[in-house]
Amino acid sequence: MNLGLSLLYAAERNPEAEAVVDGQARLDYRSLQRAAAGLAAGLAALGVGRGDRVALVLKNRRQTVELYWACQWLGAVAVPLSWRAAAADVAYCVADSGAAVVAFEEVGLDHARACLEAADRFVAVGTADAGSSAALAARFCADGGAPPCELYESLLIAGEASGPPEGLDDREASIFLYTSGTTGRPKGVPRSHAAERAGGLSQALHQSYRPGERTLGVMPLYHTMGIHTLLATQVVGGCYVCQPDWSPAVALDLIAAERIGSLYLAPTLFHDLVHSPQAATAEVPSVRSLAYAGAAMTSALVERCVEVFAPEVFVNHYGSTEIYTYSVDFDQRAAPGCAGRPATNARLRLVRPEPGAGPDDEVEPGETGEIICHLSSDEAFCGYWNRPGADAETIRCGWYFTGDLGRLDEDGALWIVGRIDDMIISGGENVHPLEVEDVLERAPGVREVAVVGLADDRWGQAVTAFVVLEDGAAEAGEEAAAAGLDAYCLASAELARFKRPRRYQFSDSLPKSPSGKILRRLLREE
Ligand code: AMP
């Protein structure tokens, strides 16, 4: 089934159920479906047809959700792009995807102007906090050189609402997601209607969504976690509560006021949430299901999340933009950080982490290997957009090579060891940053930590910890703080002596991707 029909079914099933909340705006499924159909007609009047790409440089808002569904209704391809990225990177993605239209809000004004060569149609989306669409369109055109800019509201009434795309093959692309790209240029990942819907259904299943589930829409809609939160909510006729800007205090207020039932966030956001001053008194009994993805949580963070939310289920979702779900662990309380077993749509293997290794080069039980996932997964992509080199590198004999290292424990559960590229070789020994971070995260005074290998004459690579300390923890000076952390590592039964950091660097924050992944490459470059 294509996603346009999926929305139609939801609207026919429960027309009056709340579908989207954004500030004062509340839409039920009937209104959402009408908005999607109206906007689809407006996009068609702009010349957008089936398979055409529509770039969205928008925060998580009602209008973003409506435009996304309008693309699905029309059979066009949504290309949500990060408004946090540099304008030039957005222009690159717009040109790469061949998007004919760019819809943008205030925060995307510079990005849109950087796309003047790449695209020829623009849609200004006004917002309650930043002003009207007309004012934004006027600013877009003010410096000259820009084509006329459509207004979001006029798109809505541009034509007769069109019918849903009945003949649209669900193997066609519904969205291009650009990978967060911890290395190199972002790559476009075309995702079919079928794969996206399968991802939404499996998320609802894995995270124990109930009919009418209410979710917090704060993971960006340009990221696989964000868009699947929207889809999983839609398949159960639930309500997606938009949070355009991250603020732990606002999130806690929304959870209480909107009776959010499930939270699916990157560990960094959980970290902010449970360590915010408001967490101690937050009214969060509605939250039943906690889930995270993007990076493993440390045991300390799992514990704190359990204290604050006392969830019924606590899921670790391991997946990617290319294949939405690889594996799932359903009880983080019992095994913090464990990535569990293959997900309902996934078949996994661990193979020797060597260039040219094939799917049959499996490692021995208990050994670390590269995680590969079979492309027959309902949630899999079929290859990158115009990147034959990347396809050849990652797809071999029908398997997708994730670039992640993992190992199975004695019960057959998967543990993610790290990215192949992040592995540190220090004094001839392999050290994976996560095992060091997991210990240091629990040291007194440590707020956040990231470990990388830096070139070193003696060690080849020296295990180096970048640490953000809690306020007041560095009062005795950085040298004393480093000595304290070294003593902590030496006393830890979990960390071999040779794996402990040889250098410490202290800073106020760590560089992160939009999904909260630490950008180790930037730390190494620093
Ligand atoms: P992205 O395509 O941006 O979602 O990134 C996918 C990558 O994030 C994976 O290949 C892993 O390296 C990492 N990742 C995703 N989920 C997890 C998880 N639950 N635990 C550890 N790493 C994860």
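The values are calculated or read from the model by the stated rules, or taken from the named source; none is laboratory data. What you see is a predicted model; the values in this text were computed from it and never measured. Positions of Cβ are backbone-derived with ideal geometry, glycine not excepted, and every protein chain shown enters the neighbour counts. What goes into the accessible areas is simple: the full protein's heavy atoms, side chains included, and nothing from ligands, DNA or RNA. Shrake-Rupley method; radii C 1.70, N 1.55, O 1.52, S 1.80 Å.
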field: Selection count where residues are part of a loop (DSSP other than H, G, I, E, B) and among the charged types (D, E, K, R), scope region 433-468
entry: 4
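When region 69-90 is examined, which residues are found to be surrounded by 24 or more Cβ atoms within 10 Å (Cβ to Cβ) and not in a loop (DSSP other than H, G, I, E, B)?
Trp69, Ala70, Cys71, Gln72, Trp73, Leu74, Val77, Ala78, Val79, Pro80, Val90
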query: Can you name every residue in region 39-58 that is surrounded by fewer than 24 Cβ atoms within 10 Å (Cβ to Cβ) and among the basic types (Lys, Arg)?
result: Arg50
query: Out of (1) over 15 Å from Arg62 (Cα atoms); (2) open to solvent by 10 Å² or more (accessible area, probe 1.4 Å); (3) within 16 Å of the ligand (Cβ to nearest atom), what's the single condition that is false for Tyr222?
result: (1)
message: Regarding region 287-295, can at least one residue be identified that is out of contact with any Leu (no Cβ under 6 Å at 6 or more places or on another chain), under 16 Å from Asp438 (Cβ atoms) and among the hydrophobic types (A, V, I, L, M, F, W, C)?
response: yes
task: Return yes when Ala493 is within 27 Å of Pro277 (Cα to Cα), part of a loop (DSSP other than H, G, I, E, B) and modelled with pLDDT under 90 and no when it is not.
output: no
field: Flag if Ala95 is in contact with a Ser or Thr (Cβ under 6 Å, 6 or more places away or on another chain) and aliphatic (A, V, I, L, M)
entry: no
- prompt: Quick check, is Leu43 of a type outside the set (S, T, N, Q) and over 13 Å from Tyr178 (Cα atoms)?
  reply: yes
message: What are the pairs with Cβ atoms under 7 angstrom where one residue, in region 419-432, is at positive phi and the other, located anywhere, is surrounded by 13 or more Cβ atoms within 10 Å (Cβ to Cβ) and part of a strand (DSSP E or B)? Sequence gap at least six, or different chains.
response: Gly427/Gly460
query: In region 471-490, what count of residues is obtained for those that are open to solvent by less than 70 Å² (accessible area, probe 1.4 Å) and either modelled with pLDDT of 90 or more or touching a Cys at 6+ places or on another chain (Cβ under 9 Å) (or both)?
result: 9
query: Only one residue in Ala232, Ala256, Ala251 is within 16 Å of the ligand (Cβ to nearest atom) and without any contact (Cβ under 8 Å) to a residue 40 or more places away in the chain, so which one is that?
result: Ala232
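Take the residues in region 303-315 that are in a strand (DSSP E or B) and buried (at least 21 other Cβ atoms within 10 Å of the Cβ), then tell me which one is farthest from the ligand (Cβ to nearest atom).
The qualifying residue farthest from the ligand (Cβ to nearest atom) is Phe314.
Filter region 103-127 down to the residues that are touching a Leu at 6+ places or on another chain (Cβ under 8 Å) and closer than 24 Å to Pro165 by Cβ, then identify the one that is most open to solvent (accessible area, probe 1.4 Å).
Checked region 103-127; the qualifying residue most open to solvent (accessible area, probe 1.4 Å) is Arg121.
Take the residues of region 281-302 that are within 19 Å of Glu258 (Cα to Cα) and of a type in the set (Gly, Ala, Ser): which is nearest to the ligand (Cβ to nearest atom)?
Applying the filter and picking the extreme gives Ala291.
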- line: Contact list, first residue from region 316-344 and within 20 Å of Ser376 (Cβ to Cβ) and assigned to a loop (DSSP other than H, G, I, E, B), second anywhere and within 9 Å of the ligand (Cβ to nearest atom) and among the small types (Gly, Ala, Ser), beta-carbon distance below 6 Å, six or more apart or interchain, is Thr325/Gly319; Tyr326/Gly319; Ala343/Ser327
task: Would you mention how many residues in region 187-206 are assigned to a strand (DSSP E or B) and open to solvent by 10 Å² or more (accessible area, probe 1.4 Å)?
output: 2
